[in-house]
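The values are calculated or read from the model by the stated rules, or taken from the named source; none is laboratory data. Here the structure is a predicted model, which means the values were calculated and not measured. Cβ atoms come from the backbone with ideal geometry, glycine included; neighbour counts cover every protein chain shown.
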Amino acid sequence: MDRFDYDLLVVGAGSAGVRAGRIAAGHGARVAVVEEDKVGGTCVIRGCVPKKLYVHSAHFAEAFEDAVGMGWTTESVRFDWPTLRDNVARDVDWLSGIYIRNLEKAGAELIASRATLEGHHRVRLSKDDRTVTARTILIATGGWPDVDRSIPGIEHAITSNEVFHLPELPRRMLIVGGGYVAAEFASVFNAFGVDVTLLHRGTEILRGFDGEIRKTVHAAMEKRGVTILTGDSLAAIEKSKKTRTAITRGDRRIDADVILVAIGRSPNTAGLGLEKAGVEADPRGAVLVDEFSRTNVDHIYAVGDVTNRLQLTPIAIREGQAFADTVFGGKPTSVDYADIPTALFSIPEAGTVGLTEEAAKALYPSLDIYRSTFKPLPNRVTGRDERMLVKLVVDAVTDRVLGCHMVGPNAAELAQMLAIPIKMGATKADFDAATALHPTLGEEVVTMAKPADRYRREAAE
Ligand code: NDP
């Protein structure tokens, strides 16, 4: 008999852990996946999926507005928050059930418990108060929203975990942060008719995105009604009967019914027993791993947000798959982190793949920047005063397209498709060789004849 209870024990049933568990079981491993919460992880339970459904709902606001110019009458249209919240919650439960069934179908055992590491091969399951052993342990506990506990009154704020369960739609909402979560929820609740203020400590929101994307999204969100305050941050929260008052370091007082803090996410490793198992983590608690997701301890691996490499679901899934193929499939596989498409589901949305202009300038001496801003066709009839931005960053020496950045309708879908030629190393000439499909938004990508800007490092220095 094997001296271990399992070949693989996965801690955490999110995107990374479920994929790893399923594939490892498919390779013949005896697998247990331990989860203390609902199965599905951040993406399914309190992230991408419910958020995207909210974004779909939010887009109805502009559809109703635009409908008038298109000949429709939309009187007495109103939004009901509990209907959306509860319908989405039902969908989340359904999806979580699919995750459970997929694990079962693959032959993995699902254990509902909190798990803590007790040693190199030992895991404590607190629900049944027992210890199990596994030849290999995979840490896939994901991330958790950051909260600055040093701020007086911070307990009166919520995070993205709670935003999906608000008992009622707030009238006024303050969102602290200027990243993905802040911009997306600011857009969503603004569309639902909430008076939204976004408070960001920096001078411009959306650090890491191409500079033009940042400015374009910022301006468009303001135009749609979100108040964006930059260069200021939260100092304290005071609570009266119904109102929360945010006091900022810049001496502002902002009244809100809900204060949502969205200042990033940290690896979920507190109380996990890393020290007991001798697993090294960085100062933020991220488990340190090599290119095959192996920690400093043989037979203990980590994948997904808990390693803080790139906090994106498709990356977590790829890391889970690569781990299972490496350790149980006899096929050492590492994840390629270059040219990953991402989208910001703000309204309007942004889609991006490859290098930003700023990143490309640091790496390449000569760039051609192609840019097109135009009014999407329906806007000419509906009167919506909003333009789409499409931008290509091209290496002027090799003609290779290094990056593509878009703001406007379907930017996310376009980014996904453009990830294919960009990953293949397509040149601007390859893009130009593709015939435009008219009338579409995407045709702009293949019809930009002349660079809008030329960057030459010598000339710039
Ligand atoms: P982000 O890292 O995107 O943004 C964090 C924001 O909070 C930044 O604007 C940052 O400012 C600010 N911030 C950080 N610390 C503080 C602080 N102590 N006080 C005030 N402001 C602070 O984090 P999110 O929480 O928005 O999202 C977490 C991750 O989840 C993202 O990185 C992303 O990978 C993922 N995600 C992806 C989505 C998608 O793909 N559509 C959607 C939602 C999340 P500064 O810029 O100055 O550092």
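Conditions (1) near the ligand (Cβ under 10 Å from one of its atoms); (2) modelled with pLDDT of 95 or more; (3) in a loop (DSSP other than H, G, I, E, B), marked per residue:
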| residue | (1), (2), (3) |
| --- | --- |
| Arg149 | no, yes, yes |
| Pro152 | no, yes, yes |
| Glu155 | no, yes, no |
| Pro167 | no, yes, yes |
| Pro170 | no, yes, yes |
| Gly208 | yes, yes, yes |
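Could you tell me which residue of region 233-267 is surrounded by the fewest Cβ atoms within 10 Å (Cβ to Cβ), considering only residues that are touching a Lys or Arg at 6+ places or on another chain (Cβ under 6 Å) and outside any strand (DSSP E or B)? Step by step, filter region 233-267, then rank; the result is Asp257.
Take the residues in region 122-146 that are hydrophobic (A, V, I, L, M, F, W, C) and within 30 Å of Tyr180 (Cα to Cα); name whichever of them is surrounded by the fewest Cβ atoms within 10 Å (Cβ to Cβ). Across region 122-146, the extreme among qualifying residues is Trp144.
Determine whether region 93-105 contains at least one residue that is in contact with a Phe, Trp or Tyr (Cβ under 9 Å, 6 or more places away or on another chain) and on the phi < 0 side of the Ramachandran plot. Quick ask: steps written out before the conclusion?
From region 93-105, those in contact with a Phe, Trp or Tyr (Cβ under 9 Å, 6 or more places away or on another chain) are none; that's our starting set.
For region 93-105, residues in contact with a Phe, Trp or Tyr (Cβ under 9 Å, 6 or more places away or on another chain) and on the phi < 0 side of the Ramachandran plot: absent.
Residues that are in a loop (DSSP other than H, G, I, E, B) and within 16 Å of the ligand (Cβ to nearest atom) within region 315-337 comprise Val335, Tyr337, listed in sequence order.
Residue by residue, here is whether (1) exposed (fewer than 15 other Cβ atoms within 10 Å of the Cβ); (2) more than 16 Å from the ligand (Cβ to nearest atom) holds:
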site	(1), (2)
Arg46	no, no
Ala67	no, yes
Thr73	yes, yes
Arg85	no, yes
Gly97	yes, yes
Gly119	no, yes
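Scanning region 21-80 for residues that are farther than 24 Å from Arg124 by Cβ and of a type in the set (Gly, Ala, Ser) returns Gly26, Gly28, Gly47, Ser57, Ala58, Ala61, Ala63, Ala67, Gly69, Gly71, Ser76. Kindly check whether there is at least one residue in region 103-111 that is within 28 Å of the chain's Cα centre (by Cα), basic (Lys, Arg), at pLDDT 95 or above and more than 21 Å from Phe4 (Cβ to Cβ). No; the residues of region 103-111 include none that is within 28 Å of the chain's Cα centre (by Cα), basic (Lys, Arg), at pLDDT 95 or above and more than 21 Å from Phe4 (Cβ to Cβ). Quick check on region 448-456. Is at least one of its residues part of a helix (DSSP H, G or I), surrounded by fewer than 18 Cβ atoms within 10 Å (Cβ to Cβ) and on the phi < 0 side of the Ramachandran plot? Looking through region 448-456, none of the residues is part of a helix (DSSP H, G or I), surrounded by fewer than 18 Cβ atoms within 10 Å (Cβ to Cβ) and on the phi < 0 side of the Ramachandran plot.
Residues checked against (1) within 20 Å of the chain's Cα centre (by Cα); (2) within 12 Å of the ligand (Cβ to nearest atom); (3) over 19 Å from Gly21 (Cα atoms); (4) not acidic (Asp, Glu):
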site	(1), (2), (3), (4)
Val261	yes, yes, yes, yes
Ser266	yes, yes, yes, yes
Gly271	no, no, yes, yes
Pro283	no, no, yes, yes
Asp290	no, no, yes, no
Thr295	no, no, no, yes
His299	no, no, no, yes
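Give all pairs with beta carbons closer than 9 Å in which a residue from region 240-262 that is more than 15 Å from Ile154 (Cβ to Cβ) and at pLDDT below 95 meets a residue that is assigned to a loop (DSSP other than H, G, I, E, B) and among the acidic types (Asp, Glu); count only pairs at least 6 apart in sequence or on separate chains. Cβ pairs passing all conditions: Lys242/Asp257. Which of the residues spanning region 219-228 are more than 12 Å from the ligand (Cβ to nearest atom) and either in contact with a strand residue (DSSP E or B) (Cβ under 8 Å, 6 or more places away or on another chain) or without any contact (Cβ under 8 Å) to a residue 12 or more places away in the chain (or both)? Matches in region 219-228: Ala219, Ala220, Met221, Glu222, Gly225, Val226, Thr227. Which numbered condition in (1) more than 24 Å from Ala157 (Cα to Cα); (2) within 8 Å of the ligand (Cβ to nearest atom); (3) in contact with a strand residue (DSSP E or B) (Cβ under 7 Å, 6 or more places away or on another chain) is the only one that Glu212 fails? The one condition Glu212 does not meet is (2). If you go through region 187-201 and pick out every residue that is within 11 Å of the ligand (Cβ to nearest atom) and not in a loop (DSSP other than H, G, I, E, B), you end up with 3.
Inspection of region 88-108 finds no residue satisfying the criterion of being of a type outside the set (Asp, Glu) and within 24 Å of Arg284 (Cα to Cα). Among the residues of region 401-446, just one is in a strand (DSSP E or B) and more than 16 Å from Arg371 (Cβ to Cβ), namely Thr427.
Going residue by residue through region 199-221, is there one that turns out to be of a type in the set (Gly, Ala, Ser) and buried (at least 19 other Cβ atoms within 10 Å of the Cβ)? Within region 199-221 (the criterion being of a type in the set (Gly, Ala, Ser) and buried (at least 19 other Cβ atoms within 10 Å of the Cβ)), the answer is yes, since at least one residue qualifies.
Set side by side, the residues Thr326, Thr313, Thr295 differ, and just one is surrounded by 18 or more Cβ atoms within 10 Å (Cβ to Cβ), of a type in the set (Val, Ile, Thr) and touching a Leu at 6+ places or on another chain (Cβ under 8 Å), which is Thr295. Scanning region 277-296 for residues that are under 17 Å from Thr326 (Cβ atoms), assigned to a loop (DSSP other than H, G, I, E, B) and touching a residue at least 24 places away in the same chain (Cβ under 8 Å) returns Glu291, Phe292, Ser293, Thr295. Among residues of region 342-371 that are touching a residue at least 40 places away in the same chain (Cβ under 8 Å), those with a beta-carbon under 7 Å from a residue that is of a type in the set (Lys, Arg) and assigned to a loop (DSSP other than H, G, I, E, B) at least six positions away or on a different chain give the pairs Ile347/Arg224. Only strands (runs of 3 or more DSSP E) whose full extent lies in region 338-400 are considered here, and the ones with at least 2 residues that are of a type outside the set (Gly, Ala, Ser), buried (at least 17 other Cβ atoms within 10 Å of the Cβ) and within 16 Å of the ligand (Cβ to nearest atom) are 342-344, 350-354.
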